[in-house]
Amino acid sequence: MSITLTNKAAPVSAATGDKLPGIHDIIAVASGKGGVGKSTVAVNLAIALAGRGLRVGLVDADVHGPSVPGMLGIQFAGGPLGTEDGRMVPGEGHGVKAVSMGLLSDDDNPAILRGPMVSKYLQMLVGQVAWGQLDYLILDLPPGTGDTQLTLAQSLRLSGAVIVTTPQDVSLKIARRGLRMFETVNVPILGIVENMSTFTCPHCSADTDVFGSGGGEQMSADLDVAFLGAIPLDADIVLGGDGGSPIVIDRPESVAAKSYQRIAERLHTQLQGIGHVELPSFSWTWDSDAGSPQWLDEHTDASGSPTVPLGFARHDPRTLAMLWEDGRIDQLDVRDLRLACRCAFCVEETSGRPLLDPSSISADVSPRVITTVGNYAFTLNWSDGHSTGIYSFEYLRLLADRIGARVVEDV
């Protein structure tokens, strides 16, 4: 049964649940900059996690430059098989389930796609796959902070991101941008991996810092995020990846393989220890209150975050109530919320000049449906037909401060 690209298995809408069905944690492996060995790290990390008895899937999210099938030794066989309900059956190599554009076409047929089609194929590679039960789904992202990263951050509840860098300054600077991008969309940074670290000569055992040293660890300290470990510069890593037998499989007792294994152990331990309470995803019909979010007031703490919501509620037909992790409750008039939209139709992107005429918004405008966007925002479908604005949780808190609509009683 062949696979065709459809719109039906609406992949990764946050409204369908916290994460993809059957998948416990979704981890993005990112770099910001190309050429730092991020895919090699993602593949070896996935294999190392699978070697611990965990169920692991891997998405090659680089639609234009897929490399994962070759590293896992999965051969193109005319396209993947499909299930009766139209989902793709992932390939499998070294105990890791994997999907990639490299399984949909061979090396002589490049994916020549514009941004919207890249996002559509990416959603298919994540959400229209028969993954089964997984402990971890790892997303091997392409370089940059563009369409792919934003599509995933807005449509999935990511457990966190691992940032890969080399020790050299140019890589570190761009990796910081990638890290800040994930922070902006409220994706936890699980840690930094320094790849291509010290090279040890196989003949004289002398160490050489080809790209410098300690940059990843220093970056971790500067940004107060975990340093997961350093991977040495080793030719066998390249040879193993090219041959479809990564170093964790081919030379499990090598220094590099043990480094990957330690990083996998630290990552697994960290994720198992995270006890942070999150408001589950929702798609909430305002008028009927159907699908209304939870109100987790028992989890508030005065030392909690001022921009992490633990509840939203319809205080009355004209008022949205918001509960924050630090215990504060705010109320916003829904017309004020409509007037505060910052989408490109309402605010000029380059200058910040308002485009929306307040007099054009009726006094009785109200939300129709409110839906979470990834970990960091919600979007509203309004009674006047407007539906393109995304309100980050940070912006909602700022609006409450600006409008002065704070309340302290319970809802």
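Key figures for this structure:
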read-out	value
Net dipole in debye of the chain [+1 Lys, Arg Cβ; -1 Asp, Glu Cβ; about Cα centre; nearest 20]	440 debye
Counting all C-alpha pairs of the chain, share separated by more than 27 Å (%)	55 percent
Solvent-accessible ranking of Tyr136, Tyr376, largest area first, probe 1.4 Å	Tyr376, Tyr136
1.4 Å probe accessible area per residue over the chain, in Å²	45 Å²
Helix-derived mean residue ellipticity, 222 nm - over the chain, DSSP H n ≥ 4, -39500 (n - 2.57), to 500	-8000 deg cm²/dmol
Size-normalised alpha-carbon gyration radius of the range 247-315, reference 2.2 N^0.38 Å	1.90
Mean Cα-pair separation over length for the chain, i.e. relative contact order, pairs under 8 Å, 6 or more apart, %	16 percent
Principal axis dimensions, the range 17-150 - Cα atoms, whole angstrom, descending	37, 36, 33
Contact order relative to length of the range 212-366, as percent, for alpha carbon pairs under 8 angstrom and 6 or more apart	11 percent
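The values are calculated or read from the model by the stated rules, or taken from the named source; none is laboratory data. Keep in mind the model is a prediction, meaning the values are calculated, not measured. Cβ sites come from the backbone with ideal geometry, for glycine too, and all protein chains shown count toward neighbours. For accessibility, only protein heavy atoms count, side chains too; no ligands or nucleic acids. Shrake-Rupley method; radii C 1.70, N 1.55, O 1.52, S 1.80 Å.
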